[in-house]
Every structure is written in C-alpha cells, then in structure tokens.
Amino acid sequence: MTAIAPRFGPQLIRLLLVTAVLTVGLLGALAGTASAHAALTGSDPKDGAVVDVAPREVTLTFSEQIAMGDDSIRVLDPSSKRVDVAKMRDLSQGGTVRYAVGLKPGLPDGTYTVAWQAVSADSHPVSGAFTFSVGAPSATTATVPDQEAGGGLVGTLYDTVRYISYAGFILLVGGAAFILACWQRGASVRPLQRLVVGGWVTLTAATLVLLLLRTPYTGSGKLGDMFDLGGLSDVLDTKTGAALVSRLLLLGAAALFIAVLFGAYAKRVTEAEVEAEAEMDGEGNAEAGKAKADLAFGLSLGGTVVAAGIAGTWALSEHASTGIQTGLAMPLDVLHLLAVAAWLGGLVSLLVALYRVPDLERAAVRRFSRIAFTSVVVLAVTGVYQSWRQVGSWDAWTGTSYGQLLLVKIGLIAVLLGAAWFSRRWTGLLGEDAKTAKTAEAGAEADAEAGVEAGVKVGVKAGVDVAEEPAEKDVAEAGTAADPERAAQLARQRAALATARKKRDRDADTERSGLRRSVLIEACVALVVLAVTTALTGTEPGRTQEKEVSRTGTEAAAPAPARPVNLTEPFDTGGTKGKGTLRLTIDPARPGTNLMHVWIDGPDGKPMDVPEVKVAYTLKSQQIGPLPVVPERLAAGHWSAGNVQIPMPGDWHLQVTVRTSDIDQTTIEKNVKIG
C-alpha cells in the first residue's frame, strides 16, 4: 500500500482538483452554446382583449430576430376556420421585430385564436398562441396545431443530423490533433487515417443535409420541401444559411489539410525515423528531422485556424450569437468546442490506436493524458461563463428542463472523469515503449530459431533421423515456387499466424488491456454526454424563462413552454368504500387539444374501480364554461380523454366528480393554470 500511494498520489490530487473545479464551475462543460430564445413580447390586439370592432390585421412583436414563413401566423374563428388573408408582412424597423397578418373584413363577434410559430436567431423553434374577442367572449372549438415549429419528423431528423455534425467535427479535429501533438507516426497508420477522413466526410454530409433541411425546419414542416430551390435561396440569405455555407468552404480547406497530413507529412515522419536510426549509426543527418518539424508547425498553425473557423460557424449562428455579451460569448464558445474536440476526439483516436495498433508507445499515451487534462480545465473555465448566461438562478436548476438536463450531464461528466482517472493510472503502469519491446521480441524469436537449429544438429549427431524434415521442407518450398496459388495460400497462413501472435501478445499485456477497457468506457460515456449536449442546445435556458416572466409580470402574457398539469387530491364520498385518491394529468396544458388521464386509487394504493368519473372546466374571468368532459374507462381505476379542447390560456376552475355508488358521490374543485 505504501508503494502504491506515491505512484498514484499526483494523479489522485489532480483528479480531486479537477473535481473541485467542476463542482463549483463546470456547470456548462461540453454544453453547446446557448443564450436566449425569441419570445413574444406584445401583440395587437393583446392577449385576452375584447374589442368592439374587428381589427383589420393582427400584429406580433418579438424580443429578437426570428425566421418565419408565410404560413407562420394563423388566426382561427370560434369554429376553427382560418380568417387570416394574404401573406405575412414584416413591419420590423430599428430594434423592433414586428410581423403582421391581415384579416377578412366583417368578422362576427366571438373569440378568435392566434397561433404562431417561428425559429429564433439562435436557430431554435418557438411557438405559442393567444386569444382575443370581438364584441364579447364566446366558446370556441379552435384547435392549435399540434406540431410546433421545428417539430415532427423534420425536427427529429434535424436534431439527429446536428448531433452527427458535432460528432464529425470532434473526430476530424480531435483525430488530427492527436496525430500532430501525441503520436506523429500515426499519420501513416490506416485506422487513424480512416477515422479522420470519416470525420471529415461525416461533417461535410451532415452540413449539406442541415442546409437542405432549413426550409422545412423553419417553415412548412414537410420533408419534401427540403428540395425547394426557392426555399433554399431564402435560407442562404439568413445567418444560419451563411454559416452553413461558410462551414462547407472551410471543410474544403480541411480536405487540403488532410491530404498534406497523410501524404507529405506521413512521408516526412518516415524519413525522419530512418535518418534518426542512421544517425545512431553515425551515417545520418538532421535534414529530414528539420523538414518534418517545419511541416508539423505549418500543419498545426493552419489546422488550428481552420478548426477555429469551423467551430465559429456554430458560435456565429446559434446561442452564443444572441443574448448578453455576445462579443465575449462567441470566442469563448469557439474555445469550448475546440477543447471538446481535443478531448473526446483524441480519446476516440487513442481507443482506435490501442485496439488496432500493437506498437503504440507509452509516450504517446502520456502526451494525450496531459492534453486531456488541459482540455478539461478549459472546459471548466468556459463552462462557468456558459452556465452563468444560461441558468440564471438556483431555482432554475430543478425548476426548468434545461437545468435538469444540465444536472444529468454533470453527473455523466463525473463518471467520465472517474474513467479518465483509471486510464491515467494504467498509463503510469505501462512498461517499456512498444518499439523497445518489439526489438526484444525479435531478438527472442531469433534466439528461439537458433535454438531449434542447434537442436536439429545435436539430433543428427546423436543418430536421430531428423534430416527428413528439412528435406521435406525443401521439397514443399520447391513445390510452392512452381505453384503460385499454393504460395499465396502459405503467405496468407503466415500472415494469419503473425496477426494471431500479435493479438496474443497484446492481450497478454495486462496494463495495456486495462487501459483499453478504461478508454472504451470513457468513449461510451462521451457518446451519451454528446447526446445530452445536443438536447441542451435545443432547450430554452432558465435565464430566458425568468426574463419572460419578469417582462410581463405573468407567464400567460409571454407564452413559455407548456408544462403538464399534475393534480393529486384525496376524496371521500361518504359511503362504503368511498375514500380514495384522485390523480389527474393534463398534457400539454395549453390552448388547443390536450390529453387527460384520471386515476382513482383506493386507501391501499391499488386501482379502485368506480361507476362514474366526470370532469368540467370553467374560465370564470371570461365567463366561459363549464365545458364538460366525459373520460372513457380504459381499465380498473383508469380513465382517459384524448381530445380535450381548451380555448384559451388562463386560470381554469376544474371540477372532477367521482361517484362510488348509486347515491354516493363527491366533487373535487381545483384551479389549474393553462398556457
């Protein structure tokens, strides 16, 4: 125990320091960039307003620039028919973002529903709805479209391709950095070449698909519109479209970088190794080494510029480009993405080298270990700032979906760091460099062959008839010379035996096997972290939600993402077996179509079957209702209604009547927030 402690003391201390930094500040490590989403800040008519004369148009004002299509604003009459006409008009001027849509003349009295959908300047979808009344409020059957902007199949596909693009960037940049900074001989190793080239192909293809998906993503939501040339032309005029095109141009420069890395540079590395061996024999010179160093410097400098430019296409088009302190947020976001690529991309490269290359030097593993530690520190520093911009308050950690996702990601990062510590531990236990081990192995094989020959000679002198074996071998070799097919077969057999021997020797190395396992765990956890990160980039930050509430003084005036209503209330009908607990959910608890579930549990917590359950809603402030709902029995103690229409947001009075016998019943009354 005393011998092990000094060996692992520095690594353990370093891990504790990193953990402390992460606990305090790594609130946004590996998070994509985020700041704020657009929000509806005003409308004419206002939400819930009652006007004497029908307006000629409806105008909406937003907190920041948005992308909207001609069908992004819909106005529905009480019977759910559209009453908006012509195309949407952009009335924005100065710092005010305002859009308007005309209405049909002579609208009758009643309650009208306005549903809108758009995409924020940070590329994320936003949507909402509100109502106004002409003459006096009325009941309405208008339904808000179920599919939000950026939702449905197109939204799922867009998010998936965005995840793939992040993965391609990490493999491309991290793999190239691993070769240049950790293991230069890897430039001529095929598995690493395929990894880096695969990252480039993945990122390029994903960028092209994202460019085509922008039209349906921000507009109709129909997948077939991705090939609409007119829509593509409109996309190219947006900030996101320009960023995607810039990324494609930078990927062209990256292709040239890859060609030099795996062409001229790999050749220089090989020549430098040959010259180094010759110099040890007194026959070489330092020209090859100098040429390799100069080329490595040029590749490092040029590659860093290209990688930073590609990372900048995310910073310039997504969250970091909106909200507060964008001048500081965007460069820090670029640094954040580069650190992610260096850590996770290098991790995957190390994993490939450990499994596919038997002669990976210990020095390369140690160099990557230092780079990974530096990357984690950079992520911690940039994560402090990112989290300050995104979370906003302590309540947002558990009170918003963004904060909850961030907590999940921090837990995953803790697991990732634990696996990384084990990797550093196995690195410290690695034996001699692979090249030295390979030389020793070759010497051992030579000694074994010499021993075999000596044994043959001794056997001959002792009168043992062993001369037949060499004779048979000579005959076999003569036969293979005359039969090329047989020679090729023997060559394949020898290659298979050599591969099996290398694999056996590799698996027999306990330290390298342990390192491979811990790095594999790191890579698997990193994939999950990247998925959570992608989800975070599409989630509204807590700071934005707080701003929306403070701007209007009420959540109803500035629509925020709908949250399901969950209600749990005890009841007692007064009769035999009349006590129980009512559980009710309304999802998504916003104007339009909602799904309602009702569960009745007995005192023992088990489902309790009752003869009847009825529900009614009343909006007393607008004198709407009661609107009855008769849920359908699905199973014992479980009722459901799948088409609950709620015409407008507000504080609705909910009445749930539970009947346990022919004469015993009770009504539970509760106010619930809709919208």
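The values are calculated or read from the model by the stated rules, or taken from the named source; none is laboratory data. Keep in mind that this is a model prediction, so the values were computed, not measured. Here Cβ is always computed from backbone atoms with ideal geometry, including for glycine, and neighbour counts include all displayed protein chains. These accessible areas exclude ligands, DNA and RNA; they are computed on the full protein's heavy atoms, side chains included. Shrake-Rupley method; radii C 1.70, N 1.55, O 1.52, S 1.80 Å.
Things to note:
- With K and R counted +1 and D and E -1, the other residues having a Cβ less than 13 Å from that of Asp109 yield a net charge of -2.
- Contour minus Cα-Cα distance for Lys579 and Gln655 (0.36 nm per residue): 25.6 nm
- For Val50, distant residues with modelled amide H under 5 Å away: Ser133
- Whole-number Å³ per residue for the convex hull built on Cα positions in the range 587-675: 98 Å³
- Here the Karplus curve 6.51 cos²θ - 1.76 cosθ + 1.60, taken at θ = phi - 60°, turns the phi angles of the range 343-357 into couplings of 6, 6, x, x, 5, 5, 4, 5, 4, 4, 5, 5, 8, 10, 10 Hz, with x standing for Gly and Pro.
- The residues packed around Ala641, meaning those with a beta-carbon under 13 Å from its beta-carbon, carry a net charge of 0 if Lys and Arg are +1 and Asp and Glu are -1.
- For Ala308, net neighbour charge (Lys/Arg +1, Asp/Glu -1) across residues whose Cβ lies under 15 Å away: 0
- R0 of 22 Å, Cβ-Cβ distance Thr374-Ala414: FRET efficiency to nearest 0.05: 0.70
- Look at the dipole of the range 553-675 built from charges on Cβ: of Thr660, Leu584, Gly602, the Cα furthest out on the positive end belongs to Leu584.
- Relative protection proxy for 48-58, 84-94, from highest mean packing down: 48-58, 84-94 (other beta-carbon atoms within 10 angstrom).
- Those residues of the range 617-639 whose amide nitrogen sits under 17 Å from the label point placed on Ala139, 7 Å along Cα→Cβ: 617-631
- With all protein chains in place and ligands, DNA and RNA left out, the 1.4 Å accessible area ranks Glu669, Glu271, Glu318 as Glu669, Glu271, Glu318, largest first.
- Ranked by the mean number of other Cβ atoms within 10 Å of their residues, highest first, the peptides 172-185, 191-204, 595-608 fall in the order 172-185, 191-204, 595-608.
- Basic side chains Lys and Arg get +1 at the Cβ, acidic Asp and Glu get -1 at the Cβ, and with that the dipole of the range 607-675 about its Cα centre reaches some 260 debye.
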